[in-house]
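> Let me begin by handing over the structure; questions about it come next.
The values are calculated or read from the model by the stated rules, or taken from the named source; none is laboratory data. Only a predicted model underlies this, so the values are computations on that prediction, with no experimental measurement involved. As a convention, Cβ positions derive from the backbone with ideal geometry for all residues, glycine included, and neighbour counts pool all protein chains shown. Just so you know, the surface numbers come from the protein's heavy atoms only, side chains and all, with ligands and any DNA or RNA stripped out. Shrake-Rupley method; radii C 1.70, N 1.55, O 1.52, S 1.80 Å.
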Amino acid sequence: MEMAAKEIFKEKTNKALGVNPDDARLTLTYFSLAFIVLFIGGTLGLLQGLNRAGLLELPAWFNYYQVLTAHGILLILIFTALFMVGYFYAAMSHTLGGLIPSVRKMGWTALGLMLIGTAMVVITIVMDEATVLYTFYPPMQASPWFYIGLVFIVLGVWAATLGVFTNAAIWKKRNKGQHLPLLSFFAVGAFLLLFLGSIGVTIEVLMLIPWAFGWTETVNVMLSRTLFWSFGHTLVNVWYFTAISAWYVIVPRIIGGRLFSDTLARVVVILLVILNVPGGFHHQIVDPGFTEGLKFMHVFMSLSIAFPSLMTAFAMFAVFERTGRKEGAKGLLGWVKKLPWGDVRFLAPMIAMIAFIPAGAGGIAQTNNQLNQVVHNSLWVTGHFHLTVGTTVVLTFFGIMYWLIPYLTKRELTPKINKLGIIQTITWTVGMLFMSGAMHLVGLLGSPRRTSYTTYGDNATALSWDPYLFFLAIGGTLLFIGVVLMVYIVFHLMFKAPKGNTEFPIAEPEDDASTTPKWTERWGLWVVLAIAVISMGYLVPIVDLVVNAPPGSPPFRTW
Amino acid sequence: MKLHRYEEIWLILGVGILVLSMVVTGYQTFAQGLGPPSDTDQIDPQKVDETAPFDNPGVFEVGENEYEVVMTLQAFGFTPNEIEVPAGAEVTFTMTSKDVIHGFQIAGTNVNAMVVPGHIQTITETFDEPGQYLILCNEYCGAGHQMMSTTITVY
């Protein structure tokens, strides 16, 4: 009774006050920039796909590897970072009753830092001074300004992180004894993981800057590589983290259901934070310099990330079934028909979830030693992350746009845009099916990733890959159409859609749900555990790489 | 926290599969000697040409039906680039890089390893089928990366 009264009160205040316009402006600025970046990155992706299939020759002044570097950094680093900050700041603003003014300032500062960083990175890439790809492995040496740009991007991310922590801490102080609302809890977890994951790469970049200026002569190649991967894969899981926050909290509400379990969702958040960072080591399974025993331990550490994902898979389908049955579905799979397939706010994240079944299975496969050796650095890997990030994460992001932008701009999603959204979602799905499918298959046959069009002197084996690469190009073209549609939809919802009231959909717990235990809020303990797990994974190899290092490498510029 | 009974079964099955895959991987690695390439030897990356065995790259018969290929990788090629070995022979590739990071992959086989400056990498393969195999670099190494390939002839 008391709960219900409180809910009514909250609803009333939200209706009276609505969204805070200052907070809405912050998030909408982030989203505008994110989708401009998506458009540029998507265009570059199309150029790459066409080149890789041998259908298009890129000019020397803007070559394949430059395009690839820009595509990777713009989409993996910038688009996702902008989206994540915009989304979680809106989530905090809604669930915590508005952002605290100092936090809003941190949000703007973060944006400024990220934009300065992005500008430096993009300029050096366009000038062909930093054609080193998203991984920027030394001893390939980019312009020092490229690395300094990366530092600014990280500082921006950290400023946003500080804002999230500050807002959560102040809310906790003002609301003693209450649990942080679930969506804000996700925000804290995701930014904590992002922070923990970015420490290693920051150390790496700070070592590369003096080397790039010529102040130090050589660089420790394997140490840099290891520090990079402590970040490189964690980052991907941060975006996944962002996506599942919407699966747990938003999607149940959209289909007219309730939360599966508040406690379980929080446990998943905690596990993702604790287990994730050492997961990147599986990128180094076929590297020299590490013993088989160490690599085997890391197979285990990588696989452990699958555990919270298995919990998520169960929770999501349990929500679907439970909701369907409440509406009178019968039989084993009758609930499938009860789901709102014609609602793009549901369809996009649902396809994202379905895509995660093969995507996650592929991830588990390539984590293991021998299977990794088969697919390492082949196009399979590129196919894998276009399925995980490009489909699972990005389709969920798209799905969020259909209600979050109208909510922020006080507009409505019209049936027409809903229909266009469904067309967009299907175009994207089919495009990914072609592109990622072709990449997986041709990768198994040995076609390498990160390579421009080549037949290796008309080698028979390499020529047999061509049909697959053709499908890759078709998929890439469909995806580009998908990008154009999505960018149109986002800006239409921002400026053109009719005025109206759109809800921020937050699912409530079931009436008979058990209360969430207090220990879920013990962040100090989770941080200590996370550091323990990170140390378990990285202390031995990093100390060994530092103490027992080979003579360093001088810089090379091979492009 | 109370878990639903079906959820318990699901998680037990899931974790069971993960553990099983660990057991298989561990058995292959430690009992069958099929571990990933993990050489821990080091070298000065600026003195590759004067350090044995890389001062004399080539194909060497080191035992009965056993060959060693001493190889250096550099932008954008493999030395030696003419490799011939008989079918059924056990071939060990001993490699290092003279400049940036390269990848060593033989298409159609499980031979796949990173070759990093400062480190020596070894990988062993037995080619049962005669034919010509494509060797390529699968880590971006610069503007000519797509040209970095050679072949190995198994007779």
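> In Å and whole numbers, how far do the C-alpha atoms of region A:306-403 stretch along each principal axis, longest first?
Sorted from largest, the Cα extents of region A:306-403 read 49, 29, 19 Å.
> 7 Å from Cα along Cα→Cβ at both A:V543 and B:T92: what's the point-to-point distance in nm?
Here the answer is 3.1 nm between the modelled labels.
> Can you find, among A:P550, A:L74, A:I506, the residue sitting farthest towards the positive end of the charge dipole of the protein assembly as shown, where Lys and Arg contribute +1 and Asp and Glu -1 at Cβ?
The Cα lying farthest towards the positive end belongs to A:I506.
> Something else: Run the reach check for B:K98 against lysines, Cα to Cα strictly under 17 Å, same-chain hits fewer than 8 apart removed. What comes back?
B:K47
> Something else now. Between A:A513 and A:A532, 0.36 nm times their residue separation minus their Cα-Cα distance comes to what?
3.5 nm
> I'm a student and want to see the number: the projected area of the Cα convex hull of region A:420-559, averaged over all directions, in nm².
Mean projected area for region A:420-559: 18.6 nm², to one decimal.
> If you don't mind, another one. Hey, got the average number of other protein chain Cβ atoms within 10 angstrom for residues in B:24-30?
That average works out to 5.
> Give me a single rounded figure for A:444-453: the average over its residues of other chain Cβ atoms within 10 Å of their Cβ.
6
> Okay, next question. Just the number, please: carbon plus sulfur as a percent of the accessible area of region A:149-221, 1.4 Å probe, no ligands or DNA/RNA counted.
With neighbouring chains kept in place, the figure for region A:149-221 is 70 percent.
> Still on this structure, I have one more. Normalise the Debye intensity by I(0) for region A:234-300, one equal point scatterer per Cα, no solvent, then take log10 at q = 0.13, 0.14, 0.18, 0.28 Å⁻¹ and round to two decimals.
After summing over all Cα pairs, the log10 values are -0.52, -0.57, -0.75, -1.17.
> Take every residue in peptide A:365-374, count the Cβ atoms of other chains within 10 Å of its Cβ, and give the average of those counts.
Mean number of neighbouring Cβ atoms from other chains: 5.
> Can you compute the charge dipole magnitude of chain A about its Cα centre, using +1 on each Lys and Arg Cβ and -1 on each Asp and Glu Cβ, nothing else charged? Give it in debye, rounded to the nearest 20.
For this selection, approximately 1620 debye.
> Which chymotrypsin sites (Phe, Trp or Tyr not before Pro) in region A:333-379 pass both tests, a DSSP loop state and at most 16 other beta-carbon atoms within 10 Å?
Here the sparse-neighbourhood loop sites are A:W341.
> If packing is taken as the mean number of other Cβ atoms within 10 Å per residue, what is the order of A:442-455, B:96-109, highest first?
Highest to lowest by the protection proxy: B:96-109, A:442-455.
> Something else: So what is the relative contact order of chain A, in percent, for Cα pairs below 8 Å that sit 6 or more residues apart?
Worked out over chain A, it gives 19 percent.
> From the backbone phi of region A:472-480, what are the Karplus-calculated ³J(HN,Hα) couplings (6.51 cos²θ - 1.76 cosθ + 1.60, θ = phi - 60°) in whole Hz, Gly and Pro given as x?
4, 5, 4, x, x, 5, 4, 5, 5
> Between 0 and 90 degrees, rounded to the nearest ten: what's the tilt of helix A:262-275 against the longest Cα principal axis of chain A?
20
> Sticking with this one: With a 10 Å radius around each residue's Cβ, average the other Cβ atoms per peptide and rank B:123-130, A:119-126, highest first.
So the peptides B:123-130, A:119-126, ranked by packing, come out A:119-126, B:123-130.
> If you project the alpha carbons of chain A onto the principal axes, what extent comes out on each, in Å, largest first?
71, 48, 44
> Charges at C-beta only: +1 for Lys and Arg, -1 for Asp and Glu. How large is the resulting dipole of region A:443-559 about its Cα centre, in Debye rounded to 20?
It comes to approximately 600 debye.
> Starting from the Cα of A:Y488, step 7 Å toward the Cβ, then list every residue of region A:432-476 with an amide N under 20 Å from that point.
Flagged as within label range: A:432, A:475-476.
> Between A:W61 and A:T414, 0.36 nm times their residue separation minus their Cα-Cα distance comes to what?
122.7 nm
> Next question. Quick check: pseudo-label points 7 Å beyond the Cα along Cα→Cβ at B:D44 and B:I12, how many nm apart are they?
6.2
> Across 5 Å bins from 0, what is the distribution of all Cα-Cα pair distances for region A:163-271, in whole percents?
So the P(r) values, bin by bin, are 2, 11, 16, 16, 14, 12, 9, 7, 6, 4, 2, 1, 0.
> Pairing the Cα long axis of helix B:5-26 with the longest principal axis of chain B, what angle in degrees results, from 0 to 90 and rounded to the nearest 10?
30
> Residue farthest toward the positive end of the dipole of chain A, with Cβ of Lys/Arg at +1 and Asp/Glu at -1: which of A:G360, A:V269, A:T118?
Highest projection toward the positive end goes to A:V269.
> In nanometres, what is the gap between the two model label sites at B:T153 and A:K176, each 7 Å from Cα along Cα-to-Cβ?
Label at B:T153, label at A:K176, 8.5 nm between them.
> Ranked by accessible surface with a 1.4 Å probe, highest first, in what order do B:Y27, A:Y456 come?
Listed by decreasing accessible area, they come as B:Y27, A:Y456.
> Could you give the angle, 0 to 90 degrees to the nearest 10, between helix A:523-547's Cα long axis and the longest principal axis of the Cα atoms of chain A?
For helix A:523-547, the angle is close to 0 degrees.
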